[in-house]
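The values are calculated or read from the model by the stated rules, or taken from the named source; none is laboratory data. What you see is a predicted model; the values in this text were computed from it and never measured. Note: ideal-geometry Cβ built from the backbone for every residue, glycine included; neighbour counts use all protein chains shown. The protein model used for the area step is the full one, side chains on, heavy atoms only, and it has no ligands, DNA or RNA in it. Shrake-Rupley method; radii C 1.70, N 1.55, O 1.52, S 1.80 Å.
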Amino acid sequence: MHFHVITLFPEVCRAYTDASILGRAQKVEKGKGAKVKGKQIDVSYYNPRDFSTDKHKKVDERPYGGGPGMVMIAEPILKAWQKAVGGKTSALKAGKVKTLIMSPRGTVFTNTIAKKWADEYDHLVLISGRYEGIDARVKEVLGAEEVSVGDYVLTGGELPALTIIDSVSRQIPGVLGTFDSLEDDRATEGVTYTRPDVLVYKKKKYPVPEVLLNGNHAEIEKWRGR
Ligand code: SAH
(Lines give C-alpha, C1' and ligand atoms only; values in the text may rest on other atoms or scores of the structure.)
Protein backbone atom coordinates (compact mmCIF):
# COMPACT_ATOMS: atom_id res chain seq x y z
CA MET A 1 0.00 0.00 0.00
CA HIS A 2 1.30 3.42 -0.95
CA PHE A 3 -0.01 6.31 1.17
CA HIS A 4 0.23 9.79 -0.37
CA VAL A 5 -0.33 12.63 2.09
CA ILE A 6 -1.10 16.12 0.83
CA THR A 7 -0.38 18.49 3.70
CA LEU A 8 1.05 21.91 4.53
CA PHE A 9 2.93 20.24 7.41
CA PRO A 10 4.73 17.17 6.02
CA GLU A 11 7.48 17.21 8.64
CA VAL A 12 5.00 16.98 11.50
CA CYS A 13 3.54 13.85 9.94
CA ARG A 14 6.82 12.26 8.87
CA ALA A 15 8.07 12.18 12.47
CA TYR A 16 5.16 9.90 13.27
CA THR A 17 5.18 7.64 10.21
CA ASP A 18 8.96 7.10 10.44
CA ALA A 19 8.78 5.81 14.01
CA SER A 20 8.20 2.34 15.39
CA ILE A 21 6.04 -0.16 13.48
CA LEU A 22 5.16 2.19 10.59
CA GLY A 23 8.83 3.12 10.18
CA ARG A 24 9.83 -0.53 10.07
CA ALA A 25 7.10 -1.37 7.55
CA GLN A 26 8.69 1.11 5.10
CA LYS A 27 12.03 -0.65 5.18
CA VAL A 28 13.35 -3.74 3.47
CA GLU A 29 14.36 -6.00 6.34
CA LYS A 30 17.17 -8.47 6.24
CA GLY A 31 16.23 -11.51 8.29
CA LYS A 32 18.27 -14.51 9.29
CA GLY A 33 20.44 -16.00 6.54
CA ALA A 34 19.38 -14.86 3.09
CA LYS A 35 15.86 -14.02 4.24
CA VAL A 36 14.78 -10.61 3.05
CA LYS A 37 11.41 -9.17 3.96
CA GLY A 38 10.06 -6.63 1.47
CA LYS A 39 8.44 -3.42 2.60
CA GLN A 40 4.75 -3.45 3.25
CA ILE A 41 4.00 0.26 2.97
CA ASP A 42 5.29 3.47 1.40
CA VAL A 43 4.44 6.94 2.66
CA SER A 44 4.99 10.01 0.45
CA TYR A 45 4.35 13.65 1.25
CA TYR A 46 3.33 16.52 -1.02
CA ASN A 47 3.12 20.13 0.15
CA PRO A 48 0.56 22.24 -1.74
CA ARG A 49 2.86 25.22 -1.16
CA ASP A 50 5.39 23.63 -3.55
CA PHE A 51 2.71 23.62 -6.25
CA SER A 52 1.52 27.19 -5.80
CA THR A 53 2.01 29.38 -8.88
CA ASP A 54 1.53 32.55 -6.83
CA LYS A 55 4.76 34.47 -6.27
CA HIS A 56 4.15 34.53 -2.52
CA LYS A 57 3.39 30.78 -2.54
CA LYS A 58 -0.10 31.52 -1.38
CA VAL A 59 -2.25 28.47 -0.62
CA ASP A 60 -5.33 30.08 0.93
CA GLU A 61 -7.90 32.73 0.06
CA ARG A 62 -10.94 34.33 1.64
CA PRO A 63 -14.21 32.42 1.23
CA TYR A 64 -16.69 33.51 -1.45
CA GLY A 65 -19.93 34.74 0.04
CA GLY A 66 -18.20 35.91 3.19
CA GLY A 67 -17.60 34.14 6.47
CA PRO A 68 -14.70 33.77 8.85
CA GLY A 69 -11.15 32.67 8.12
CA MET A 70 -9.43 31.41 5.00
CA VAL A 71 -10.02 28.47 2.64
CA MET A 72 -7.40 26.31 0.92
CA ILE A 73 -7.16 27.00 -2.83
CA ALA A 74 -8.00 24.08 -5.12
CA GLU A 75 -5.25 24.30 -7.74
CA PRO A 76 -2.12 23.59 -5.64
CA ILE A 77 -3.92 20.58 -4.13
CA LEU A 78 -4.97 19.28 -7.56
CA LYS A 79 -1.39 19.63 -8.80
CA ALA A 80 -0.09 17.79 -5.75
CA TRP A 81 -2.61 14.99 -6.43
CA GLN A 82 -1.46 14.86 -10.06
CA LYS A 83 2.16 14.49 -8.93
CA ALA A 84 1.19 11.76 -6.44
CA VAL A 85 -1.00 9.48 -8.52
CA GLY A 86 -1.79 11.25 -11.81
CA GLY A 87 0.75 9.08 -13.60
CA LYS A 88 -0.43 5.81 -12.08
CA THR A 89 -2.60 5.12 -15.11
CA SER A 90 -3.06 1.40 -14.68
CA ALA A 91 -3.83 1.67 -10.95
CA LEU A 92 -6.34 4.45 -11.68
CA LYS A 93 -8.00 2.43 -14.44
CA ALA A 94 -8.17 -0.65 -12.22
CA GLY A 95 -9.85 1.36 -9.45
CA LYS A 96 -6.90 0.81 -7.11
CA VAL A 97 -6.58 4.48 -6.12
CA LYS A 98 -8.76 5.98 -3.40
CA THR A 99 -8.75 9.71 -2.65
CA LEU A 100 -9.82 10.91 0.78
CA ILE A 101 -10.43 14.41 2.06
CA MET A 102 -10.14 14.82 5.82
CA SER A 103 -13.31 16.56 7.01
CA PRO A 104 -15.27 16.72 10.26
CA ARG A 105 -18.41 16.26 8.14
CA GLY A 106 -17.26 13.08 6.40
CA THR A 107 -18.11 9.40 6.90
CA VAL A 108 -16.85 8.34 10.31
CA PHE A 109 -13.81 6.09 9.97
CA THR A 110 -13.88 2.64 11.62
CA ASN A 111 -11.73 -0.51 11.81
CA THR A 112 -14.10 -2.18 9.33
CA ILE A 113 -13.41 0.59 6.81
CA ALA A 114 -9.66 0.25 7.48
CA LYS A 115 -9.82 -3.46 6.61
CA LYS A 116 -11.82 -2.78 3.46
CA TRP A 117 -9.42 -0.12 2.17
CA ALA A 118 -6.38 -2.28 2.95
CA ASP A 119 -7.93 -5.07 0.86
CA GLU A 120 -9.24 -3.00 -2.04
CA TYR A 121 -6.66 -0.31 -2.81
CA ASP A 122 -2.98 0.04 -3.71
CA HIS A 123 -2.85 3.82 -3.29
CA LEU A 124 -4.58 5.96 -0.67
CA VAL A 125 -4.33 9.71 -1.18
CA LEU A 126 -5.07 11.62 2.04
CA ILE A 127 -5.79 15.33 1.67
CA SER A 128 -5.36 17.32 4.86
CA GLY A 129 -7.22 20.56 5.33
CA ARG A 130 -6.22 23.57 7.43
CA TYR A 131 -7.93 26.85 8.28
CA GLU A 132 -11.65 26.74 7.34
CA GLY A 133 -11.19 23.76 5.03
CA ILE A 134 -10.71 23.11 1.32
CA ASP A 135 -12.43 24.58 -1.77
CA ALA A 136 -15.35 22.18 -2.40
CA ARG A 137 -14.34 21.72 -6.05
CA VAL A 138 -11.37 19.54 -5.04
CA LYS A 139 -13.81 16.86 -3.97
CA GLU A 140 -15.80 17.26 -7.18
CA VAL A 141 -12.80 17.15 -9.54
CA LEU A 142 -11.12 14.19 -7.86
CA GLY A 143 -14.28 12.22 -7.02
CA ALA A 144 -12.92 12.08 -3.49
CA GLU A 145 -14.63 10.81 -0.35
CA GLU A 146 -14.81 12.94 2.78
CA VAL A 147 -13.80 11.10 5.92
CA SER A 148 -13.97 12.09 9.58
CA VAL A 149 -12.12 10.52 12.50
CA GLY A 150 -14.80 11.46 14.99
CA ASP A 151 -17.37 13.95 16.12
CA TYR A 152 -15.04 16.79 17.07
CA VAL A 153 -13.17 19.51 15.18
CA LEU A 154 -9.38 19.66 14.97
CA THR A 155 -7.20 22.46 13.61
CA GLY A 156 -5.97 20.34 10.71
CA GLY A 157 -6.33 17.08 8.83
CA GLU A 158 -2.85 15.83 9.77
CA LEU A 159 -3.88 13.84 12.85
CA PRO A 160 -6.84 12.31 10.98
CA ALA A 161 -4.56 11.34 8.05
CA LEU A 162 -2.05 9.76 10.46
CA THR A 163 -4.85 7.96 12.27
CA ILE A 164 -6.05 6.43 9.00
CA ILE A 165 -2.53 5.47 7.85
CA ASP A 166 -1.82 3.85 11.20
CA SER A 167 -5.05 1.90 11.33
CA VAL A 168 -5.02 0.79 7.65
CA SER A 169 -1.37 -0.30 7.96
CA ARG A 170 -2.23 -2.63 10.83
CA GLN A 171 -4.52 -4.49 8.42
CA ILE A 172 -1.77 -5.11 5.86
CA PRO A 173 -0.19 -8.57 6.14
CA GLY A 174 3.33 -8.45 7.55
CA VAL A 175 3.09 -5.01 9.18
CA LEU A 176 2.36 -6.48 12.59
CA GLY A 177 3.93 -9.60 14.04
CA THR A 178 1.66 -12.65 13.95
CA PHE A 179 0.98 -12.30 17.64
CA ASP A 180 -0.21 -8.69 17.39
CA SER A 181 -2.41 -9.56 14.41
CA LEU A 182 -4.03 -12.24 16.49
CA GLU A 183 -4.62 -9.76 19.27
CA ASP A 184 -6.21 -7.38 16.77
CA ASP A 185 -8.73 -10.00 15.71
CA ARG A 186 -9.85 -10.40 19.27
CA ALA A 187 -11.60 -7.09 18.99
CA THR A 188 -12.04 -6.51 22.70
CA GLU A 189 -8.68 -6.82 24.35
CA GLY A 190 -8.92 -6.56 28.09
CA VAL A 191 -6.56 -5.07 30.63
CA THR A 192 -2.85 -5.95 30.57
CA TYR A 193 -0.09 -6.08 33.16
CA THR A 194 3.70 -6.31 33.09
CA ARG A 195 6.53 -6.30 35.65
CA PRO A 196 6.84 -5.84 38.57
CA ASP A 197 4.31 -8.30 40.02
CA VAL A 198 3.70 -5.91 42.89
CA LEU A 199 3.72 -2.19 42.11
CA VAL A 200 4.26 0.04 45.14
CA TYR A 201 2.96 3.58 44.75
CA LYS A 202 2.77 6.02 47.66
CA LYS A 203 3.22 3.11 50.11
CA LYS A 204 0.24 1.23 48.72
CA LYS A 205 0.67 -2.15 47.02
CA TYR A 206 -0.89 -2.95 43.65
CA PRO A 207 -0.39 -6.65 42.82
CA VAL A 208 -0.96 -8.27 39.43
CA PRO A 209 -4.00 -10.63 39.56
CA GLU A 210 -2.77 -13.96 40.93
CA VAL A 211 -4.23 -15.97 38.04
CA LEU A 212 -1.86 -14.32 35.55
CA LEU A 213 1.21 -15.50 37.46
CA ASN A 214 0.46 -19.22 37.81
CA GLY A 215 1.07 -20.20 34.16
CA ASN A 216 -2.25 -22.04 33.78
CA HIS A 217 -3.33 -20.91 30.30
CA ALA A 218 -6.81 -22.39 30.48
CA GLU A 219 -7.47 -20.46 33.68
CA ILE A 220 -5.97 -17.28 32.23
CA GLU A 221 -8.18 -17.47 29.13
CA LYS A 222 -11.19 -18.02 31.37
CA TRP A 223 -10.21 -15.01 33.51
CA ARG A 224 -9.94 -12.93 30.33
CA GLY A 225 -13.49 -13.94 29.46
CA ARG A 226 -12.68 -15.92 26.30
N1 SAH B 1 -15.25 24.96 9.73
C2 SAH B 1 -14.40 24.01 9.10
C3 SAH B 1 -13.41 23.51 10.11
C4 SAH B 1 -12.18 23.07 9.47
S5 SAH B 1 -11.09 22.32 10.58
C6 SAH B 1 -15.20 22.86 8.54
O7 SAH B 1 -16.32 22.66 8.98
O8 SAH B 1 -14.71 22.12 7.68
C9 SAH B 1 -9.66 22.30 9.56
C10 SAH B 1 -9.35 21.02 8.87
O11 SAH B 1 -9.09 20.03 9.86
C12 SAH B 1 -10.44 20.42 8.02
O13 SAH B 1 -10.37 20.93 6.70
C14 SAH B 1 -10.13 18.94 8.05
O15 SAH B 1 -9.17 18.58 7.05
C16 SAH B 1 -9.48 18.75 9.41
N17 SAH B 1 -10.36 18.17 10.43
C18 SAH B 1 -10.82 18.77 11.55
N19 SAH B 1 -11.56 17.94 12.28
C20 SAH B 1 -11.57 16.76 11.64
C21 SAH B 1 -12.19 15.49 11.90
N22 SAH B 1 -12.92 15.27 12.99
N23 SAH B 1 -11.96 14.50 11.02
C24 SAH B 1 -11.24 14.70 9.89
N25 SAH B 1 -10.65 15.88 9.60
C26 SAH B 1 -10.81 16.90 10.45
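Scanning the stretch 20-51 for residues that are under 21 Å from Ala80 (Cα atoms) and among the acidic types (Asp, Glu), we see that the one that is least open to solvent (accessible area, probe 1.4 Å) is Asp42.
When Glu120 is tested against (1) open to solvent by 70 Å² or more (accessible area, probe 1.4 Å); (2) within 20 Å of Leu142 (Cα to Cα); (3) free of Cβ contacts under 8 Å to residues at least 12 places away in the same chain; (4) not small (Gly, Ala, Ser), just one condition goes unmet, and that condition is (3). Where helices (runs of 4 or more DSSP H) fall wholly inside the stretch 126-226, the ranges with 2 or more residues that are at pLDDT below 95, open to solvent by less than 100 Å² (accessible area, probe 1.4 Å) and not polar (S, T, N, Q) are 178-185, 217-223. Going by the structure shown, is Val59 at negative phi, in the same structural domain as Gly174 (by TED's automatic domain parsing) and under 25 Å from the mean Cα position of the chain (by Cα)? Spelling it out, Val59 is indeed at negative phi, in the same structural domain as Gly174 (by TED's automatic domain parsing) and under 25 Å from the mean Cα position of the chain (by Cα).
Can you tell which of Glu120, Glu146 is within 15 Å of the ligand (Cβ to nearest atom) and not aliphatic (A, V, I, L, M)? Residue meeting the stated conditions: Glu146.
For Arg62, state whether it is within 18 Å of Ile6 (Cα to Cα) and not aliphatic (A, V, I, L, M). The answer is no for Arg62. With respect to the conditions (1) surrounded by 13 or more Cβ atoms within 10 Å (Cβ to Cβ); (2) not in a helix (DSSP H, G or I), Lys115 falls short on a single one, namely (2). Reported count of residues in the stretch 52-96, each being open to solvent by less than 30 Å² (accessible area, probe 1.4 Å) and more than 16 Å from the ligand (Cβ to nearest atom), is 5.
Taking residues in the stretch 152-181 that are under 15 Å from Ser103 (Cα atoms), and partners anywhere that are open to solvent by 20 Å² or more (accessible area, probe 1.4 Å) and part of a helix (DSSP H, G or I), the pairs with Cβ atoms closer than 7 Å and at least 6 places apart or on different chains are Glu158/Val12; Leu162/Tyr16.
Evaluated against (1) crowded, with 20+ Cβ neighbours inside 10 Å; (2) touching a Phe, Trp or Tyr at 6+ places or on another chain (Cβ under 6 Å), Met102 falls short on exactly one condition, (2). Checking each residue in the stretch 62-104 for being within 18 Å of the chain's Cα centre (by Cα) and basic (Lys, Arg) picks out Lys96, Lys98.
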